[in-house]
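Only the coordinates and a few stated rules stand behind these numbers; no lab work does. Just so you know, these numbers come straight off a predicted model, no measurement behind them. Cβ coordinates were reconstructed from backbone atoms using ideal geometry, including for glycine residues, and neighbour counts include every protein chain displayed.
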Number of protein chains: 2
Amino acid sequence: MAEKNFADRLLDAVADKKTPLVVGLDPSYDLLPNAITGHKDFNDGSDVETAVDALLEYSTRVLKLVAPHVAAVKINSAFFEAYYWYGYEAFYSLVQEAAAHGLLVINDAKRADIGNSSERYAAGTLADPSFDSLDDLVGPDAVTVNPYMGSDSVAPFIQTAKEHGKGIFVLVRTSNSGAAEIQDLPMASGQPLYMHVAKLVESWGASSIGQRGYSAVGAVVGATNPAQLAELRRVMPSTLFLVPGLGAQGATPADVAKAFKSDGTGAIVNASRSIIYAYNDPKYKDVGTNWEKAIELALLDTKRQLAEALGQ
Amino acid sequence: MAEKNFADRLLDAVADKKTPLVVGLDPSYDLLPNAITGHKDFNDGSDVETAVDALLEYSTRVLKLVAPHVAAVKINSAFFEAYYWYGYEAFYSLVQEAAAHGLLVINDAKRADIGNSSERYAAGTLADPSFDSLDDLVGPDAVTVNPYMGSDSVAPFIQTAKEHGKGIFVLVRTSNSGAAEIQDLPMASGQPLYMHVAKLVESWGASSIGQRGYSAVGAVVGATNPAQLAELRRVMPSTLFLVPGLGAQGATPADVAKAFKSDGTGAIVNASRSIIYAYNDPKYKDVGTNWEKAIELALLDTKRQLAEALGQ
């Protein structure tokens, strides 16, 4: 079917919600509010089904809370895969829930393999399920992809994205400390490795550029170094950035501003722990046991700080 | 618990089976034998549960067939994840089945993320499950890991491996054509990127070296270039290689011989499609509809060719 370009869908939603902020959902049983883990239905984290039920209850409520305020959520697949097939099924339930709320979903799964394996990963992590009994389900709207194995490992994700009106975000320069050991390595050309990957990613998107000038092939770019971010923004004019690490990982709204063009487009910014665990932050202690209120306040604070940093 | 070092366990099993060959299980419904997909219980590939039942029936029979002949199987997670949670559960059933046959299992899942996410991936792809209701299950013996995000993304896998007497294989130089675009890039040092990664991987293994001189941190190294393979063998003396691509991906037994030291140790060699789909190979047409016999013949042929190439 002829779907609308993913970048256009995402940017329309960003314009509608008036923020490039996306909320990252990385739920850990041990950090859930007492109101959930203390409830008799959810109070045994050593039982896999009970633990998954707790994650699902919490995550469903978070999705409902954030849906009026942001365009998209980034769901971290690892936090569900730790619960085996129970977690995997819960992940897909959340994708349906998010879609029902009009939220786009980025599946942060960081996959890639040789071509025929990447086809399977693209089916499992991105496509809308094609099996008879699952054909009411939708897949995520985008997936994160690791570039280490090169073009032929990424191509099946791009193909699946195009067929389903979806997108991918390729890791270019990640925000963790160890990223420097590989991604920053100086190459014979004089440039760091991530710059070479950046140019590949920009080229991979050339055939999927939408009406707003961005392709369905985005890039994951951390905000650890503003000069680096500005340089990447320059060499990847058609690439949407997914900028992780706002808040708990240390990046500030001012840091991430360099990911944007002067027209205010070009990136979405993810905050996970600083929002979804706001009820553990002394800053929001006035809400008492109303953990949902703390999340909403943190979300609105972050949204406002980001708007200020972007001059919006 | 104090488990035996993974490299020792693997090399003991290789010595016992007298071959470094491992069989790769990448089952595609469309390529299964007619004896399975034509059976009334398995003949609807458009139904997710039926398709998974077919994969499981086939894979279980393949495991049983190959168990007397090889030390380990490499199960490609992508081919199961394409079937969502049904596939994920089937994957774990196969791990139990393999363990019951005394086969080691390499989970070819190619994961990695920032540290707290990699912890979850290590739990879901490598550890023995810790939940009460799953505590009879064993996890795989090893998992493949992508190095693009650096040491802190790999460390949780190494930690989990040590705690459970398991191992990892880090992608160093993969066998696909696109690998050259990233992994072969010349660095300012004059060496290709994969050589830098190789040295990191060797260093990551330093604290888990077993009695046979190899660490629990192995490397995935393709056999596309014999000179490259020999050089990697030299700079990674304590690292076991997992060499993919024998057969269908184009590598010959002579190509892979460079992955070994002169004492005949140092690598395991994976063949997937050339063995598990041998019933589609005209070379084995004499077996008629006895698809299992074709697989066994292909396995024994490959094992013999490999022994000859290694002078064993």
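For the reader, a short list of remarks on this structure follows.
- Centroid-to-centroid, using Cα positions, the range B:1-71 and the range B:119-174 are 20 Å apart.
- Angle between chain B longest axis and helix B:291-309 axis [Cα atoms, degrees, rounded to 10]: 30
- For residue A:269, residues with placed amide H under 5 Å, excluding near neighbours: A:21, A:22, A:243
- Residue mean of other protein chain beta carbons inside 10 Å, A:168-180: 4
- Residue B:225 sits among other residues whose Cβ lies under 12 Å from its own Cβ, and their net charge, with Lys and Arg +1 and Asp and Glu -1, is -1.
- Alpha-carbon centroid distance for the pair the range B:199-246 / the range A:231-263, whole angstrom: 37
- Around the amide H of residue B:187, modelled in the peptide plane, lie the amide H atoms of A:188, B:193, all under 5 Å away and 5 or more residues distant in sequence or on another chain.
- Signed unit charges on C-beta, dipole axis of the range A:6-309, positive-most listed residue A:287, A:204, A:32: A:204
- Applying 1/(1 + (r/R0)^6) with r as the Cβ-Cβ distance of residue B:93 and residue B:135 and R0 = 22 angstrom yields a FRET efficiency of 0.85.
- If both residues of a DSSP beta bridge must be in chain B, then about 5% of such bridges are antiparallel.
- Taking a point 7 Å from the Cα of residue B:69 along the Cα-to-Cβ direction, the residues of the range B:12-31 with backbone N closer than 14 Å to it are B:17-25.
- The local environment of residue B:294, defined by Cβ-Cβ distances under 12 Å, has a net charge of -2 under the rule Lys, Arg +1 and Asp, Glu -1.
- Extension gain for residue A:34 to residue A:207 (0.36 nm times residue separation, less C-alpha to C-alpha distance): 57.4 nm.
- Computed magnitude of the charge dipole of the protein assembly as shown (debye, nearest 20; Cβ of K, R +1, Cβ of D, E -1): 2040
- Candidates per trypsin sites (Lys or Arg not before Pro) in the range B:29-123, loop by DSSP, up to 16 other Cβ within 10 Å: B:40
- Placing +1 on each Lys and Arg Cβ and -1 on each Asp and Glu Cβ, with no other charges, gives the range B:6-309 a dipole about its Cα centre of roughly 1240 debye.
- Förster radius 60 Å - calculated FRET efficiency between residue A:305 and residue B:18 (Cβ-Cβ, nearest 0.05): 0.40
- Label zone (residue A:281, point 7 Å along Cα-to-C-beta; backbone nitrogen cut-off 17 Å) within the range A:18-35: A:20-28, A:31-33.
- Amide H to amide H, with H built 1.01 Å from N, residue A:169 comes under 5 Å of A:143, A:144, A:145, A:218, counting only residues 5 or more places away or on other chains.
- Angle between chain B longest axis and helix B:6-17 axis [Cα atoms, degrees, rounded to 10]: 50
- Cα lying deepest toward the dipole's positive end in the range A:6-309, options A:104, A:249, A:84, charges on Cβ: A:249
- Dividing the mean sequence gap of close Cα pairs (under 8 Å, 6+ apart) by how many residues chain B holds gives a relative contact order of 18 percent.
- Charges were assigned to the Cβ only: +1 to each Lys and Arg, -1 to each Asp and Glu. The resulting dipole of the range A:23-153 about its Cα centre is roughly 460 debye.
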